[in-house]
């Protein structure tokens, strides 16, 4: 093996004699070194300028070439015995010496470099000539080159293993390879191959050994380390393939495995910093973000489905949905850089899982709104309540069966309005405005009508009180009536009960007053919605009770006696059996036991007797006895749902007739497709088929005689 030794000694010795006269134009090359006076660089530069000006440029160029060649040749020696590190240091010293001496030679022949060389495009500069000679005589030697590259790669391997290495040595040697234009072919290719092998093995091993957060932290650390190597000693051109290699082997080959192994845990535990790192790393790799999107969507759908489909979670479903939505919104904002793709896919995923259980989420959202808008809700200020309603509307948007929401919302709104249970009129109207903005004026027209009825009822009652003051016998009962437009409000099943004479008299007085102002209208009293305030005397003193109309009728019986049986009460009041049992339970088995049941027990049986509790005690003067009939029963819930389904049938029928009237003739598949586009609630193909058959039976349309899947409109 040969290597350039130290070149510190002067390469031109004992040439201190001054110039003689230039010989004839035919100058021998031996003349130059022996007769050129180079006592100092400044003298040498002067001499080269003189030769150039005296037409000796060609010979001077040959002289410069000889000097450079001898510089390289004089310092070659065998270095087989050196170990890797000493070898690298030795060749680095020779390279540095060569560079210093080439700077001196270039300085001496500067005039030649700037004149003669520039005028001859085929000639390299003095500096390039020195590089070429060093490359040809030193680095091109395969033994020297291989040992140099092996040594550099070994140092980098040690550094990657955590050892401290001489980075300045690496920087100098790699700069040498770059200057000699052998960096890419001799070093970079082998370097990238070894890097690829290293990280391929490391990725496989660490994926087995480490949890996902630790693994991703390691990947990030490796990327930073390799980036630092590019800055410190590698050529800048290596950065792109090097980083791509690390990304491919540590990330690209394990994208799916990483997400399957750890994404759900990161999301479950809300590991914000780890999720941020996951997003940043996956965004670096081609296809990484798309795979992350897919797993993100699957997580949302799977987690959301566990909230929605389990009936045992119905009580907390809406709150859990709101909390889950807040959580994913925060992750998108902080971890996923508000990426629109993640936002849109999150919305699609919510819409998918929330409609896996038809109708129930819509019903529960309506009830949740009721719990927030009902009086007595002290959980939130007006501002907080507004924020909660905004969040609810976001969940509401995902629901397909918005008509189910409307039905239950309307039923609960009616209760709040009729018994004065609304926490805030402003909050009610704000929610109504949100629904109108989301679903259109048609969706809220009946709800707005309910508010209008309540406002008009207030005006009517002002007029009625003035009317009563002019009556000869105004009575001692203060009557308040709400006039409800039947088409706006939920459907209530009328129940005929036996009112006492004073109540009947007041009803007739109001009927005369109202119909006198609005002839042609019909009043239907809804006893199930009535309520009253009763005054009662006990041994402890007077009390007031806020009770339903049914509770009122039962309690008023005890003005006539102290004890009545179940059958007697049922006969006297006319209250329906199941409703009466619930009413008696509230009066005799609840917290405020105004009546005593005999025998004791929670359920009301046919033979039970009820006694007025004269010893009743309570710390409050005005006591509200739970209005059992105002709480939603299973029957009421089923009835509301059935009404929604019945309304849907009407809408399907109307849509079919509308489409067929316009098209006249249409195939089954096209008709079904049109219906899906027009209907705003989820519907099954089987249900559509039943409605089509129903319309055929009722002669709205008919099948084609030759093609049973073709329909014709019947005018």
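Quick look at the numbers
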| item | result |
| --- | --- |
| Members of the range 215-231 found to be touching a helix residue (DSSP H, G or I) at 6+ places or on another chain (Cβ under 8 Å) and closer than 18 Å to residue 162 by Cα, listed by number | 215, 217, 218, 219, 220, 222, 223, 225, 226, 227, 229, 230 |
| Leading residue by the ranking (nearest to residue 271 (Cα to Cα)) among those in the range 219-242 that are surrounded by fewer than 16 Cβ atoms within 10 Å (Cβ to Cβ) and without any contact (Cβ under 8 Å) to a residue 40 or more places away in the chain | 221 |
| Residue selected from the range 311-368 under the condition under 21 Å from the mean Cα position of the chain (by Cα) and not in a helix (DSSP H, G or I), by the criterion nearest to residue 408 (Cα to Cα) | 355 |
| Filtered residues of the range 393-444 (kept if farther than 22 Å from residue 641 by Cβ and free of Cβ contacts under 8 Å to residues at least 24 places away in the same chain) | 425, 429, 432, 433, 436, 437, 440, 441 |
| Subset of the range 195-207 (residues that are within 17 Å of residue 241 (Cβ to Cβ) and either more than 43 Å from the chain's Cα centre (by Cα) or loosely packed, with under 15 Cβ neighbours inside 10 Å (or both)) | 197 |
| Residue in the range 252-264 that is surrounded by 16 or more Cβ atoms within 10 Å (Cβ to Cβ), in a loop (DSSP other than H, G, I, E, B), touching a residue at least 12 places away in the same chain (Cβ under 8 Å) and under 32 Å from the mean Cα position of the chain (by Cα) present | no |
| Of the criteria (1) surrounded by 15 or more Cβ atoms within 10 Å (Cβ to Cβ); (2) at pLDDT below 95, which one residue 292 fails | (2) |
| Elements of type helices (runs of 4 or more DSSP H) in the range 517-631, at least 2 residues being in contact with a strand residue (DSSP E or B) (Cβ under 8 Å, 6 or more places away or on another chain) and under 30 Å from residue 459 (Cβ atoms) | 549-557 |
| All helices (runs of 4 or more DSSP H) inside the range 119-222 with 1 or more residues being on the phi < 0 side of the Ramachandran plot and touching a strand residue (DSSP E or B) at 6+ places or on another chain (Cβ under 8 Å) | 126-134, 142-160 |
| Failed criterion for residue 152 (all others in (1) modelled with pLDDT under 70; (2) not assigned by TED's automatic domain parsing to the domain that holds residue 92 hold) | (1) |
| Identity of the residue in the range 588-609, closer than 22 Å to residue 537 by Cβ and touching a helix residue (DSSP H, G or I) at 6+ places or on another chain (Cβ under 6 Å), that ends up modelled with the highest pLDDT | 595 |
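The values are calculated or read from the model by the stated rules, or taken from the named source; none is laboratory data. Quick caveat, the model's predicted, so the values are computed rather than measured. FYI the Cβ positions are ideal-geometry reconstructions off the backbone, even for glycines, and counts take in every protein chain you see.
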